[in-house]
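Okay, structure first, notes after.
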Amino acid sequence: MELKERVEGVLGLFDEHYGPVKCYLTHENPWQLLIATMLSAQCTDDRVNMVTKDLFKKYTSVKAFAEASLSELEQDIRSTGFYHNKAKNIIACCQQLLVEHGGEVPSDIESLTKLAGVGRKTANVVRGNIFGIESIVVDTHVKRISNMLGFTESQDPVKIEFELMEILPKDHWIRYNTQAIAHGRKVCIARRPQCGACFLSGYCRHFEESAAKNAK
C-alpha cells in the first residue's frame, strides 16, 4: 500500500471514530495551558488536571507563579513527578514572560522554545490549541502509533514532527495528536494493543507484519 493511501485511510477513520478531539488539559487561558503542558511531561493528563484544579486557584496569574516560593511550588506539584525541575522551570518561565513578553504568552515557536522548560512539544500544544496555528505535537502516543502505522521509523520527536508535516495535510496537524491520544488510550494501548479489534488494522504496518509472521 502506498504511504499516501495509508495516510488518507487512517485520517478518514480517525475522523469517523473520534472526530475533532479537544485538548485533554484543562485550561482557561494561554498561560494555564503552557504550565499544564509543562507539568504533563512524564505524567498523565488526568493527574495534571487534578493538580491544576487547585494550583490555578492558588496561583491566579503569571506574576503569582513568577513570585512563587520554589519549595512551596514543588510541594504543590509533587504528584506530577520530576517536581524539582518542573517547579524551577515554571518560575523561571513566568519570570521570562513578565520581563520579555509583558506577561503574555507568545505565539511564535522561536520565542516559546526560548522559555525555560519549553520544548517543541509544549510550544506546539500552545500554538495549536490557543492560537489556532497548525502544529504537530509529538508525544508518546503520537510517536508510538506513527511508528506502528508506518508513518515514520524515527524515534526522535523532532524528526517525527517534521516527517509528519511532510505527509499529513495541514488541516489534520492539530487533531492528529488528540486523535492518536484517544486511540492510544482506547485501542492501541501501549502494553496490550487490541490489534484484533482495531479499526486501523487494514492500514497498520505493525498489524501487517505481525500477521505475516503468524502465517509462517
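Filter the stretch 1-19 for residues that are surrounded by 11 or more Cβ atoms within 10 Å (Cβ to Cβ) and of a type outside the set (A, V, I, L, M, F, W, C) and give the result.
Answer for the stretch 1-19, where residues must be surrounded by 11 or more Cβ atoms within 10 Å (Cβ to Cβ) and of a type outside the set (A, V, I, L, M, F, W, C): R6, E8, G9, G12, D15, H17, Y18, G19.
Since M148 meets every condition but one in (1) at pLDDT 95 or above; (2) in the same structural domain as L200 (by TED's automatic domain parsing), which condition does it not meet?
(1)
Within the stretch 34-48, work out how many residues are surrounded by fewer than 17 Cβ atoms within 10 Å (Cβ to Cβ) and in contact (Cβ under 8 Å) with a residue 40 or more places away in the chain. Walk me through how you get there before you give the answer.
Going residue by residue through the stretch 34-48, those that are surrounded by fewer than 17 Cβ atoms within 10 Å (Cβ to Cβ) are 42, 44, 46-47.
Checking the rest, the ones that are also in contact (Cβ under 8 Å) with a residue 40 or more places away in the chain come to 42.
Selection size over the stretch 34-48: 1.
Quickly run through the stretch 172-214 and pick out the residues that are aromatic (F, W, Y) and over 24 Å from E161 (Cβ atoms). Steps first, please.
Of all residues in the stretch 172-214, those aromatic (F, W, Y) come to 173, 176, 199, 203, 207.
Scanning the stretch 172-214 gives F199, F207.
Which ranges mark the helices (runs of 4 or more DSSP H) fully within the stretch 1-108 that have 2 or more residues being small (G, A, S) and within 28 Å of I167 (Cα to Cα)?
On the way: elements: 3-18, 30-39, 45-58, 62-66, 70-76, 83-101.
Qualifying helices (runs of 4 or more DSSP H): 3-18.
Taking the conditions exactly as written (touching a Cys at 6+ places or on another chain (Cβ under 7 Å) and over 24 Å from S61 (Cβ atoms)), does S201 satisfy them or not?
It is true that S201 is touching a Cys at 6+ places or on another chain (Cβ under 7 Å) and over 24 Å from S61 (Cβ atoms).
Pull up the stretch 193-216, narrow it to residues that are exposed (fewer than 12 other Cβ atoms within 10 Å of the Cβ) and at pLDDT 90 or above, then point me to the one that is farthest from D15 (Cα to Cα).
Q194
In the stretch 50-67, which residues are over 22 Å from the mean Cα position of the chain (by Cα), surrounded by fewer than 19 Cβ atoms within 10 Å (Cβ to Cβ) and of a type in the set (A, V, I, L, M, F, W, C)?
Scanning the stretch 50-67 gives a single hit, A64.
What is the residue count in the stretch 110-149 for residues that are closer than 25 Å to H84 by Cα, among the small types (G, A, S) and part of a helix (DSSP H, G or I)?
2
Among V187, V142, V137, V126, which is touching a residue at least 40 places away in the same chain (Cβ under 8 Å), of a type in the set (A, V, I, L, M) and within 28 Å of Y203 (Cα to Cα)? Walk me through how you get there before you give the answer.
Working: V187 fails: touching a residue at least 40 places away in the same chain (Cβ under 8 Å); V142 fails: touching a residue at least 40 places away in the same chain (Cβ under 8 Å); V126 fails: within 28 Å of Y203 (Cα to Cα).
Answer to the selection: V137.
Any residue at all in the stretch 197-211 that is assigned to a helix (DSSP H, G or I) and under 30 Å from Q32 (Cα atoms)?
No, the stretch 197-211 has no match at all.
Please work out which residue is nearest to the chain's Cα centre (by Cα), limiting yourself to the stretch 93-117 and to residues that are of a type in the set (G, A, S) and surrounded by 15 or more Cβ atoms within 10 Å (Cβ to Cβ).
Once the filter is applied, the top-ranked residue is G117.
The values are calculated or read from the model by the stated rules, or taken from the named source; none is laboratory data. Keep in mind it's a predicted model, so treat the numbers as computed, not measured. For neighbour counting, all protein chains shown are included, and Cβ atoms are generated from backbone atoms with ideal geometry for every residue, glycine included.
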